[in-house]
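Have a look at the structure below, then the notes.
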Amino acid sequence: MNEGMKERGNELGKPPFIPSFLHSLIPSIPLWHWGLALLFLLLITSLGYGPAQCDFGWIASLHAAAFLVYLGMYRKANDPVALYFFLGVAVIARLLLIGAFPQLSDDIYRFLWDGRLINQGINPFAHLPSYYLQEGNQLAGLDTELFAQLNSPEYFTIYPPVAQAIFALATWLFPYSIPAATVVIKLFLFFCELGSLILLVKLLARLGFPEKGVLLYALNPMILIEVMGNLHFEGAMIFFLLLSLWWLVSGRYLFSAAALAFSVASKLLPLLFCFFLIRRLGWRRSLKYFALMGLVLLLLFSPLLGGAFFSGMGSSLRLYFQRFEFNGSIYYVLRWIGFQLSGYNLIQYLGPALAACTFLGISLAALLGRRRDWRSLPALMLFAICLYLAFTPTVHPWYASLPLVLAPFTRFRFPVLWTALISLTYINYSYPEYDEQLWIVALEYLLVYGLALWEVWSGRNWMGEGEIVEDRRRAGKAGTNE
């Protein structure tokens, strides 16, 4: 009788809308798994296609609901069938967002501006956008209508060569269609994301971590919306970084160096991790590694190099550390203290000083660390990026992508909560004029820092997974640099 009940239960677990001949091809998935998947896809699609940047109520509600469903799917992915079913959901979610025009970011217009410049043989770092509206400097496609959509027309571009190449490709294929060019960029990021999911599964297995950790990144609503929805190139940076790590643990160091160069050429942040490679590679191998990485970077940046690049990029970096402010944590505390002491904003001093503190902290971590295995590397990388984000004056929601993708390789899960809380910063755009709500910033960091300290102190994590125990039989020699 029990066997009959079990067999009947399996039949009920099969989705009724799947033809019977496919039941032999598709493993039996509980019906409520399908329900969670469909609800999640509905929420993500609504978030990607629905609210504008100013619609904070909808953003917060949809994001919170999607986050809760995300946690539910992660908790129930306790066998290979469930794991790969939910991975399929993650891929479908990304596919559904390809047609969504960026709703929560207007960076796309600068992407297209830069791409149209490159296609006319102009270095995008050469001049401010307003230069091309002056009499005698006009260029095709760079009109007042597009200029009016730029969010930082008074600043030089900041995007490195991998991003610029994709901008140029998109606007070359579709020089006059903004939606079509947007889809080209989304397709590039979709394939980067697909590669990241494959690499995460392979790396987690190789280093002896639970493979279900891939879902922390794969299904995360913030990742889906900020990378596939809003076109932030953290998706490309993460793919090339994971590829570099895969080739590191596989002993293919030269390939790894080239992949790391591509990661840096997508976003500059992976430069923070270079110090941690020296002890693991050894000095002689490190010299070869960084020499090749430098050569690939030189080749990638060469189309943009020149006086215009160094002055334009330098100007943008100075503004980033000495003028821009958004959702800072330690910086905001020091800024308040500075106001009390001097009566004005000390960002021009605090920004560079905190950048120096980041460099010093990462250097000390690299010098004091004694482990030489690859398995311990992601935890150091997580420390480095979190230290940087703690000190920097600007922390946009998509900046939490890198801590999140590193979390499955550690026992820490505070970055997961961070991806939920950081979306609350969209409240700043819900007023007639931009108005940063510091109480939201305080709530975000009190919870994130408090949780991080608890996880460090307790040896556990808030998701109830306890210690992530090393499985040396699975990790084998991949956890070492031998």
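Which residues, taken from segment 254-276, are in contact (Cβ under 8 Å) with a residue 24 or more places away in the chain and within 20 Å of Leu360 (Cα to Cα)?
Within segment 254-276, Leu268, Leu269, Pro270, Leu272, Phe273, Phe275, Phe276 qualify.
Does any residue in segment 327-356 that is closer than 22 Å to Tyr434 by Cβ come within less than 7 Å, Cβ to Cβ, of a residue that is at pLDDT below 90 and of a type in the set (Lys, Arg) six or more places away or on a different chain, and which pairs are these?
Qualifying pairs under 7 Å: Ile347/Arg323.
Report, by residue number, each residue of segment 105-146 that is assigned to a helix (DSSP H, G or I), of a type in the set (Phe, Trp, Tyr) and either farther than 30 Å from Leu43 by Cβ or within 19 Å of the chain's Cα centre (by Cα) (or both).
Scanning segment 105-146 gives Phe111, Trp113, Tyr131, Tyr132.
Can you tell me which residue is nearest to Leu71 (Cα to Cα) among those in segment 84-104 that are part of a helix (DSSP H, G or I) and among the β-branched types (Val, Ile, Thr)?
Val89
What is the number of the single condition among (1) small (Gly, Ala, Ser); (2) touching a helix residue (DSSP H, G or I) at 6+ places or on another chain (Cβ under 7 Å); (3) at pLDDT 90 or above; (4) under 29 Å from Thr410 (Cβ atoms) that Ala356 does not meet?
(2)
Mind telling me which of the residues Thr171, Thr157 ends up being of a type outside the set (D, E, K, R), part of a helix (DSSP H, G or I) and farther than 28 Å from Leu406 by Cα?
Checking each option against the conditions leaves just Thr171.
Which residues, taken from segment 185-225, are of a type in the set (Gly, Ala, Ser) and either under 28 Å from Asp114 (Cβ atoms) or out of contact with any helix residue (DSSP H, G or I) (no Cβ under 6 Å at 6 or more places or on another chain) (or both)?
Correct list: Gly195, Ser196.
In segment 105-132, what residues are within 30 Å of Tyr70 (Cα to Cα) and either touching a helix residue (DSSP H, G or I) at 6+ places or on another chain (Cβ under 7 Å) or not acidic (Asp, Glu) (or both)?
Matches in segment 105-132: Ser105, Asp106, Ile108.
Anything in segment 202-235 that is within 16 Å of Lys267 (Cβ to Cβ) and part of a loop (DSSP other than H, G, I, E, B)? List them, or say none.
Asn230, Leu231, His232, Phe233
The values are calculated or read from the model by the stated rules, or taken from the named source; none is laboratory data. Small disclaimer: the values here were computed from a predicted structure and weren't measured. Cβ sites come from the backbone with ideal geometry, for glycine too, and all protein chains shown count toward neighbours.
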